[in-house]
1. How much accessible surface area, in Å² rounded to 10, belongs to the heavy atoms of VAL523 with a 1.4 Å probe?
2. How would you rank 325-333, 379-387, 222-230, 427-435, highest first, on the average number of other Cβ atoms within 10 Å across their residues?
3. Leaving ligands, DNA and RNA out of it, rank LYS35, LYS315 by accessible area with a 1.4 Å probe, largest first.
4. Which of rounded, prolate, oblate describes region 94-193, given a ≥ b ≥ c as roots of the alpha-carbon gyration tensor eigenvalues and a/c under 1.5 marking rounded, otherwise prolate only if a/b is larger than b/c?
5. Per residue, what accessible area does region 84-127 have, given a 1.4 Å probe and all protein chains present, in Å²?
6. Quote the accessible area belonging to ILE108 in square angstrom, nearest 10, computed with a 1.4 Å probe and with ligands, DNA and RNA left uncounted.
7. Taking 41 Å as R0, compute the FRET efficiency from the Cβ-Cβ separation of TYR394 and ASP271 and round it to 0.05.
8. Per residue, how much accessible area does region 275-331 show when a 1.4 Å probe rolls over the protein heavy atoms, in square angstrom?
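The values are calculated or read from the model by the stated rules, or taken from the named source; none is laboratory data. The structure presented is a predicted model; accordingly, all values stated were derived computationally and were not measured. Because the Cβ atoms are built from the backbone with ideal geometry, glycine has one as well, and the counts that use them run over all protein chains shown. The protein model used for the area step is the full one, side chains on, heavy atoms only, and it has no ligands, DNA or RNA in it. Shrake-Rupley method; radii C 1.70, N 1.55, O 1.52, S 1.80 Å.
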Amino acid sequence: MYSNSQHSPFTLTYQRRYRRKGKPNELDIIKESAKTVGKDYCTEASISGLKHLVDDNTSCLERVLWIIIMISALICSVSLVLITFRKYYRAPLVTTQMPEGISVSEIIFPAVGICTNNRISKRATIELARKLLKEERNKMYDEEEMLSLLVGLGLFYNIDPMDDEVVKPMQLHRALGEYNVNELIQSLTPRCEDLLLRCAWNDQPKNCSDIFDFRLTMNGYCCTFNYLRRKDDMFTDPTESTRSIDMYKYGNKSSFDFDQGLKVLLLLNEDDDFYYNIPLQGAQLQFSDTYDFPDAPSGSFSMQIVSPNVQMTVKVTASLTVASRDIQHVPVKLRQCLFYDESSYLPFYTHSDCMLKCRMSFLLANCNCTPFNMPKMLNTRTCDLRDIPCLRKYNAQSITVRPNIDQIPVELEMNIVDGGINCPMCYPTCSKTTYYYDFNNVKIYADYLNAVQDTDRVEWLRGANFTGTSIVHVKYGKEIADRYGQNVIMKWFDLISNIGSTCGFVTGFSFVSALEFIYFFTVKLWREIKMRRAQEKRVGDVSMLGSPQNNSVRNYHSLYWNELVGWRQNINMLTKQEQ
């Protein structure tokens, strides 16, 4: 038996709409569902103000005011969030100074190198000349001519143009025959045992040969102290692993006191002079980080000239910067630094090594060799006298490195003529120790010091002859070194907290609000659409009862009710229901 009372008001509404407008399409169902869910969301959401927009008791004027308030709050909230993001990504790091500092006794003492300004020993050169004169190819020279020709070896230190009548590199190259540049220069360099007479470390007399090594630097072979590299050919193996973070645990350390530090008595013997790379008598005192190759253009390097008959006191101050590993998630271009294990360019990264390798690669590409006063690279050769013209051509450019910035300032004139080398892979080291040096010279009088009795001398200078000598004392100038910490200005949870606080204060938006929005417009919207589709199907099935093939059924029902209550009452009831 059929009766309209069997269907809900919701179904009846669909029946009337079905009869007036026809069957709704899928887009209409989605629109109506979204409208219903949107109204429910505004009514039930935790965001303040939305419920006033859909409240039937809210007037049009109030609704307009609330719309203006909500849009203004949204704009303000989005602006503050963008400012927070911009601040985080444009300046993600902050460097703070630790008020307590760090004791200098916990910091590795800097590497010290001593090189005589006389780079070639006269005695060793005479021996070489006599050896060369025995060769058949050099029968046309006498000893004096050969010594004049060997002056050209100074081109390895100073490649500036010289008088071709004095220096003849190709003629000297033929006279030398087969030779290894590094071995040749090393054999001609004044020895440490001739330069260093007495040494002391932390007020304890030391044998100079025990604490100094004869190593390669940018000034050639010098006497080096506290230089932690195991060998000079550090670029021969691309997977070289002789350096590691464990190196920082070793090395000599000193403390702050009057007699602490390194003390050396130098003998500046002018009788052995043959070639000066600097037109000054004395020696070069050079400083570098203990784990960096001593190279001025690559950074981490300082140098001072020690004149004869002086006592030079060098006061060292240091600052230590320790970067937190939390900054490692910040892109390198933003933090502008690299950790020691973070570069694919070097197995153990330091800024100085990166600059040095970049410069060496430039010379290797242009001259097919590297100078003898640089570390060796895999499958490369050392430049000899035949390569002097090429090295001279690219010398100025090879010692100038362009800064790693997007836009080169106009003030950098070298870039106007395409000068310098671009090394974009070289960033500063995140954690590092920086040294500063203060030099003070006092003239000493050898005759007076020689007259002092041994019992009145300090222990490490007893029995020393001060004629033609100089004294160098390197020590710390302060007990406490500055200590800086580098960290992100805010961590990820701080960033989320700031954004949440801003959104919550301005609009009342929170993480729960986001979940509510997702829930309403996914789960509830799907339920609403599914329910409306079911209702459409049900109304369609009911409406099929009015089709021609069901007329007999409708007639049967009308007659049945007419027999029970009368045809007029039935017609009136159906008319009211249709309305």
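1. The accessible area of VAL523 comes to roughly 60 Å².
2. Taking the mean over residues of other Cβ atoms within 10 Å, the ranking is 222-230, 427-435, 379-387, 325-333.
3. Working: LYS35 150, LYS315 95 Å².
My answer, sorted largest first, is LYS35, LYS315.
4. On the way: a/c = 3.95, a/b = 2.79, b/c = 1.41.
Note, shape of region 94-193 comes out prolate.
5. On the way: 2070 Å² over 44 residues.
For region 84-127, the solvent-accessible area averages 47 Å² per residue.
6. 20 Å²
7. Numbers: r = 37 Å, r/R0 = 0.91.
Efficiency, from the Cβ-Cβ distance: 0.65.
8. Details: 1990 Å² over 57 residues.
Value for region 275-331: 35 Å² per residue.
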